[in-house]
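Engineer: Following this message is one structure expressed as structure tokens.
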Amino acid sequence: MGEIAEMMLEGILCEGCGELFDDMVDGATSPGHPRRCRRCGPINLQTALKRTLTGNAHKNARHNRERHEIARQRKPFECGKCHRLFRTEAGLNQHTHDTHNNPARAS
């Protein structure tokens, strides 16, 4: 781990912006836990959770849904137990026999 990251974890530097705390200039001992300066402020969990689903996250979720639908069109046979997709019925039957009917690998 880098020196700056360790200093942030020890509480010598702000974990948000990396600024040195004023109490560290006087030579005081570090608190031993990460902390944030007044300018960065505390982390609001509600705001942080809302931010994860904005911007590109919606676009990525739509893209993943579209990719899944395209895969379902190319691979129309789905295993009833593990939901894997197969192109042919023979492939599905072979998967079922090898994976789900084998007593050593039963899941």
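Engineer: Helix 56-74: angle to the longest alpha-carbon principal axis of the chain, degrees 0 to 90, nearest 10?
Structural biologist: 10
Engineer: If the chain between Asn102 and Glu10 were fully stretched, how many nm would it gain, using 0.36 nm times the residue separation less the Cα-Cα distance?
Structural biologist: Values: separation 92, 0.36 × 92 = 33.12 nm, distance 5.24 nm.
Residue separation times 0.36 nm, minus the Cα-Cα distance, leaves 27.9 nm.
Engineer: Follow-up. Hey, what number do you get for the chain at 222 nm if only DSSP H runs of n ≥ 4 count, each worth -39500 (n - 2.57), divided across all residues, to the nearest 500? Present the calculation step by step, with values, prior to reporting the outcome.
Structural biologist: Numbers: 5 runs with 45 residues, N = 107.
Dividing the helical sum by the residues of the chain leaves -12000 deg cm²/dmol.
Engineer: Which label belongs to the value computed from this structure, given these candidates for P(r) over Cα pairs in 5 Å bins from 0, in percent: [x] 2, 10, 11, 10, 8, 7, 7, 7, 7, 9, 9, 6, 4, 2, 0; [y] 2, 11, 21, 23, 20, 12, 6, 2, 1, 0, 0; [z] 3, 14, 26, 27, 20, 8, 2, 0?
Structural biologist: Of the labelled values, this structure produces [x].
Engineer: Turning to a different aspect of this structure: Cysteines of the chain lacking any other cysteine beta carbon under 4.7 Å?
Structural biologist: Lone cysteines by the Cβ rule: Cys17, Cys40, Cys79, Cys82.
Engineer: Once phi is turned into ³J(HN,Hα) by the Karplus curve 6.51 cos²θ - 1.76 cosθ + 1.60 with θ = phi - 60°, what whole-Hz value does each residue of the range 6-21 show in order, with x for glycine and proline?
Structural biologist: 5, 5, 5, 5, 7, x, 7, 10, 5, 6, x, 10, x, 6, 6, 6
Engineer: A follow-up question, please. How much length, in nm to one decimal, is gained on full extension between Asp22 and Asn44, taken as 0.36 nm per residue of separation minus their Cα-Cα distance? Don't skip to the end; give the middle numbers.
Structural biologist: Values: separation 22, 0.36 × 22 = 7.92 nm, distance 2.39 nm.
This chain segment gains 5.5 nm when fully extended.
Engineer: Now for a different question. Gain in length, Thr29 to Ala57, computed as 0.36 nm per residue apart minus the alpha-carbon separation, to one decimal in nm?
Structural biologist: Values: separation 28, 0.36 × 28 = 10.08 nm, distance 4.14 nm.
Contour length minus the Cα-Cα distance gives 5.9 nm.
No lab work stands behind these numbers, since they all come straight from the coordinates. Nothing here was measured: the structure is a model prediction, and the numbers come from that model. Cβ atoms come from the backbone with ideal geometry, glycine included; neighbour counts cover every protein chain shown.
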